[in-house]
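Quick notes on the structure that follows.
The values are calculated or read from the model by the stated rules, or taken from the named source; none is laboratory data. Please read all numbers here as calculations on a predicted model, not as lab measurements. Here the Cβ is made from the backbone with ideal geometry for all residues, glycine too, and neighbour counts use every protein chain on show.
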Amino acid sequence: MILYENLQKLNQEFITEFEFKLPEFWKKGWYILGENVNNFETNFAKYNNSKYCLGLANGLDALYLGLKVFEFPDKCEVIVPSNTYIATILSIINAGLTPVLVEPNIDDYLINVSRIEKKITEKTVAIMPVHLYGKLCDMDKIAELATKYNLKVIEDCAQAHGASYNNTKAGAFGDIGAFSFYPTKNLGALGDGGAITTNSEELYVKLKALRNYGSEKKYYNKYIGINSRLDEIQALFLTIKLQKLDKINLHKSKLAAIYNQKINNPHIIKPIHSEENVYHIYPIRTVFRNELKEYLFSNNIQSEIHYPLAPHKQEGYKNILTGNYPISEEIHTTILSLPISYANSTTEIEYVCAVINNFKKQC
């Protein structure tokens, strides 16, 4: 069976060094906000060409605090794509703000920048672009709109570690970059983890307090904060893995190149290729999505759906996310993610291509 993801195999390359450093970690006995978190924050900020980085408990908290730090009045509006993962929208709601959905482009699945300005009102305070699947949004045009209307930009970079445009990496375009280190991400931890990047010292100092109960000084709480601190042991592992992030991204890009070259089934729509972006997943689309998924599995190939139901169709959000979003619905009903793991071999991906090309060959 070709697994969609094999975390044990994927992380094996990093475990030896991790285990070598564990005895020193146990010996020091410092488990919260110690030198491992400091080291990771320094290295990740440098990698992303950002001045500051803050390790957090997960990606949702990164998005939430990225909004909360600005102290927007309740019910202000934040523009967000209509086809994102639910965490993006949940962060807006948790921050006491109102998500305003904008349809994506049908070809690259990213927020359609030409539709954003029509959704800007006097209540709009921020844009939250999502670099979905590893492809960067049109940040030049988004920056222009943000400047024109005095809006903040909080980038959702959960799926775009290392993606870049004109030598600027994801997370360094806006006011805030929010990252997730969920185990399946290109830079994945051994559990939950997240981070914020920023070039603002003022935001950095405030965020540092907000992640730690709102405290700048122990037992003194300047703000109403939360408990969201990247774990020391996760920071240790991420520091090791960060050294190989470019290698991970390159391997996945090579696998994507095989898909791009060898999939020639007329029923399949392949993603748009871009040299500077990365591949968190490899999304194809077909009106025969469910049938293809079953066909792949019958040929010992696992696949996933990112994501099967549009946010405005989710039961818990039906009274919050109103309106019609046909492009988002079309994407969610036709999209399928093919194996593209650091643990996958080129031989496996070539087999996947052969199986896909044989799908509905008689049609």
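The table below lists the values:
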| quantity | calculated |
| --- | --- |
| Every residue from region 283-297 that is aliphatic (A, V, I, L, M) and part of a helix (DSSP H, G or I) | 292, 296 |
| From 63, 67, residue being closer than 15 Å to residue 181 by Cβ, surrounded by 15 or more Cβ atoms within 10 Å (Cβ to Cβ), modelled with pLDDT of 95 or more and assigned by TED's automatic domain parsing to the domain that holds residue 195 | 63 |
| Scan of region 125-137 for residues that are over 16 Å from the mean Cα position of the chain (by Cα) and surrounded by fewer than 24 Cβ atoms within 10 Å (Cβ to Cβ), ordered by number | 125 |
| Output for region 229-278, where each listed residue is assigned by TED's automatic domain parsing to the domain that holds residue 182 and over 19 Å from residue 161 (Cβ atoms) | 229, 232, 233 |
| Residue match in region 174-189 (condition: among the hydroxyl-bearing types (Ser, Thr, Tyr), under 30 Å from residue 357 (Cβ atoms) and within 18 Å of the chain's Cα centre (by Cα)) | yes |
| Every residue from region 3-33 that is farther than 30 Å from residue 300 by Cβ, among the basic types (Lys, Arg) and either touching a Pro at 6+ places or on another chain (Cβ under 7 Å) or surrounded by 13 or more Cβ atoms within 10 Å (Cβ to Cβ) (or both) | 21 |
| Subset tally (residues that are over 18 Å from residue 133 (Cα atoms) and either among the β-branched types (Val, Ile, Thr) or assigned to a helix (DSSP H, G or I) (or both)) for region 312-343 | 8 |
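Every residue, every condition in (1) of a type in the set (Ser, Thr, Tyr); (2) more than 30 Å from residue 13 (Cβ to Cβ), yes or no:
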position	(1), (2)
142	no, yes
151	no, yes
187	no, no
219	yes, yes
